[in-house]
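For reference, the structure is listed below as structure tokens.
Bear in mind that the values in this text are calculations on the coordinates, not laboratory data. As the structure is a computational prediction, the values presented were derived from the model and not from experiment. Please note: Cβ atoms are built from the backbone with ideal geometry, for glycine as well, and neighbour counts cover all protein chains shown.
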Amino acid sequence: MDKQKIILEKECKKYGYVNPIVAYELIENEGAYNVLWKVKTGQKIKFGKTILKGSSLDHKKIINFLPYKQGDIWSKERIHNVYTRFRNLGIYKSIGVQQNIIKEPDQLCDVIITLEEDDPFEVKLRCGFQQISKNFAFKKGSSYKIGGGFIWKNPLDRLDSLTIDSTITRFERRSFIAYKQPLFFSIPLETVFKGYSNSYQNPVTAGSRKILYEALQDGVLVGLTSKQEHMQIGITTGFEWMKIKNISEGFSFFNKSLFADSLCFNSDTGLPP
């Protein structure tokens, strides 16, 4: 019964009743007991004004980014979503969300958001060693792994970020540059522009320094994503160019016939199957 009471209280709060009173009564009826639930919801609470605190804040863009509007039914889930959205931007050092309930006359609850911007530039360096799974015959072995990244936070004052990142191993090179902002003009659509360049050198045998071929992959893409409370809808479009080069034609210290069928190219695409 206590668990059911908690469920009913949560359902009431879900629809904007902040302080519901839920009680139950057991009624005996011919040897059986019926449960009579008594729920006093009270008045609904609605979102009031949003008060922003912090320096160099574009109030209009932040208001468009919020998951609620003034006059909407109060929801604790949306308040939690406010914090999550700003945290995922990665441009604020500290985020504070406070509630200020005004009981008279309209049962409004103002939201006070305090934002402290982080340092505008961030540099990351990575250095390590990796052992690649033995399940991949052409990647078995070990390799160094070095990389670095640069992040420019809020460069255009649109809650945006610019990221440049690169990773190099013995077999691969991966690099990309990405620009991301949470608004498409004033519409709350996360917008991503990304360009990338990757290359992979396929060794003849596991651990060998001799290269069978090198694959290149370059592309650009644009993505739009709408994130709602219980779902996420997105669309991504772009172009990609792929190329195979440095194809080995044989090795003097091996029998060339051993490698005659090492690569079997598709006659339509020119790529390995």
Low-density loop positions, GluC sites (Glu not before Pro), segment 1-92 - DSSP coil, at most 13 other Cβ in 10 Å
E30
For the D118, K14 Cβ pair and Förster radius 45 Å, calculated FRET efficiency rounded to 0.05 is 0.85
Going by amide H atoms built from the backbone, whose H comes under 5 Å of the H on E117, apart from near neighbours?
S55, K93
For N154, what residues show an amide H to amide H distance below 5 Å, using hydrogens built from the backbone and excluding near sequence neighbours?
D160, S161, L162
Just subtract the alpha-carbon distance of S197 and R158 from 0.36 nm times their residue separation and send over the number in nm, one decimal.
11.4 nm
Sites F185 and I73 - FRET efficiency at Förster radius 30 Å, r taken between beta-carbons, to 0.05
0.65
With respect to the cross-link table entries K5/K227; K153/K245; K53/K153; K5/K49; K44/K69; K53/K194, which display a Cα-Cα separation exceeding 26 Å?
K5/K227; K153/K245; K5/K49; K53/K194
Each residue of segment 35-46 in order: what ³J(HN,Hα) in whole Hz does its phi give by Karplus 6.51 cos²θ - 1.76 cosθ + 1.60, θ = phi - 60°, with x for Gly and Pro?
9, 10, 8, 10, 10, 10, 6, x, 8, 6, 9, 10
Counting other Cβ atoms within 10 Å of each Cβ, which trypsin sites (Lys or Arg not before Pro) in segment 14-82 have at most 15 and sit in a DSSP loop?
K44, K69
Which entries in K145/K243; K93/K180; K10/K61; K3/K40 show an alpha-carbon gap greater than 20 Å?
K145/K243; K10/K61
Simple label model, 7 Å out from Cα along Cβ direction - Y33 to I7, nm
1.8 nm
Computed from the beta carbon distance with a Förster radius of 41 Å, FRET efficiency for K53 and M231 to the nearest 0.05 stands at 0.85
